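Below: the structure, in structure tokens.
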Amino acid sequence: MSISVNTSGGSSKGPVLRFPDHSLLLSLCGQGNANLRIIETALQVKLNLRGDSITLVGDESAVYLGRRVLEELYTLVEKGYPLYSRDISHAIEILSGNHRARLHDIFLDAVYVTAKKRIITPKTLAQKEYVDAIRGYDIVFGIGPAGTGKTYLAMASAIAALNTEAVSRLILVRPAVEAGEKLGFLPGDLVEKVNPYLRPLYDALHDMVDFNRTSKWLERGIIEVAPLAFMRGRTLNDSFVILDEAQNTTSEQMKMFLTRLGISSKAVITGDITQIDLPNGTRSGLVESMEILAGISGLKFVYFTDRDVIRHRLVQDIIKAYEKAEAKQRRQL
């Protein structure tokens, strides 16, 4: 059964949405109507819940968007999706940018189910485009600010491919470039020295796969985590390869990496071109690849913005503040 809409309330009263299933409506509203309050605060509308109906009051455009949010979220609940408060915020972001978006096409696109039974899905339109690109292209570039899920979704896609035997190996690669700190005098052999650079990849891996299985895959070489320098001279067949922090590759390193790809392999390259840690005067291989490879069919560039940040809500504001400050500095040069 579909949601019915009564728009005859007059100018002082917005549309009335009537929901066919009261129990699903309660799931939509959240505990203590917490989900409704998130929508009210974000859109500056008033949502009046009475029985199986919600009346929307406020500015016409905000009321329309609120209606779309409620309709789309109810469809998710109908399909068994468990709503969390962060999903409400993501839904508002998506529908603010595209009123015609269908949330079930995004939120119900299960990329991978973790060892703890948590379902990893896209949360923004760009993330959905990214996941679809990884499925459809052999080389995908994910470019955008921190917190947009570039590496995490690539990792989830790779482990899913490994589980279905679409590939036989997962190779996780990072350039070993200091982010403002000098680590060259740390004790230990080469592997121990570069391990701090690779820690974020291990963290994402352990978040998705239980410790015993991860250890077994690492011991058998099914999963390999390595600095970019270790890729020279290799041909990577039947592999899913992720190059993380690619903004810190040089031109030569990026060319070397891209030409390692062998038969039945897929590569995902992620990076944030606003956080380049290369020495002054060294051009980023990622930035250069955006120009050189733009016209090649068979590979895909997906770009993220601060709207795709899914970390703490303040991260979006921090990114915007830095972008504003950097733009001001460029104007003063």
**Q.** Rounded to the nearest 20 debye, dipole of the chain from Cβ charges on Lys, Arg, Asp, Glu
**A.** 300 debye
Q: Pop a pseudo-label 7 angstrom from the Cα along the beta-carbon direction at both residue 71 and residue 163 and give the gap in nm to one decimal.
A: 3.4 nm
Q) When ligands, DNA and RNA are left out and all protein chains stay put, how many square angstrom of accessible area per residue does the stretch 216-333 have with a 1.4 Å probe? A) 58 Å²
Q) On the accessible surface of the chain, probed at 1.4 Å, how many percent belong to carbon and sulfur atoms? A) 51 percent
Q) Could the peptides 268-275, 232-239, 300-307 be put in order, highest first, of the mean number of other beta-carbon atoms found within 10 Å of their residues? A) 268-275, 300-307, 232-239
(Q) Per residue, how large is the accessible surface of the stretch 25-133? Use a 1.4 angstrom probe and give square angstrom. (A) 48 Å²
Q) If one computes the Cα centroid of the stretch 218-261 and of the stretch 100-163, what distance in Å separates the two points? A) 21 Å
Q: Hey, can you grab everything whose amide H is under 5 Å from the amide H of residue 148? Only 5+ residues off in sequence or another chain; H modelled, so Pro and N-termini drop out.
A: 310
Q. Which value in deg cm²/dmol, rounded to the nearest 500, describes the helix-derived mean residue ellipticity at 222 nm for the chain, given -39,500 (n - 2.57) per DSSP H run of n ≥ 4 and division by the residue count?
A. -13500 deg cm²/dmol
Q.
Report the gain in length on full extension from residue 207 to residue 52: 0.36 nm times residue separation, minus Cα-Cα distance, nm rounded to one decimal.
A. 51.8 nm
**Q.** Leading residue at positive end of dipole, the stretch 196-333 (Cβ point charges), from 281, 214, 225
**A.** 281
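How much FRET efficiency would the formula 1/(1 + (r/R0)^6) give for residue 99 and residue 44, where r is the Cβ-Cβ distance and R0 is 30 Å, rounded to 0.05?
0.95
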Q: Determine, from the Cβ-Cβ distance of residue 296 and residue 21 and an R0 of 56 Å, the FRET efficiency 1/(1 + (r/R0)^6), rounded to the nearest 0.05.
A: 0.70
Q) Hey, rough spin-label estimate for residue 280 and residue 109, points 7 angstrom out along Cα→Cβ, what's it come to in nanometres? A) 4.3 nm
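The values are calculated or read from the model by the stated rules, or taken from the named source; none is laboratory data. Only a predicted model underlies this, so the values are computations on that prediction, with no experimental measurement involved. No Cβ is skipped: glycine too gets one built from the backbone with ideal geometry, and neighbour counts run over all protein chains shown. Note: accessible area is taken over every heavy atom of the protein model, side chains too, but ligands, DNA and RNA are not part of it. Shrake-Rupley method; radii C 1.70, N 1.55, O 1.52, S 1.80 Å.
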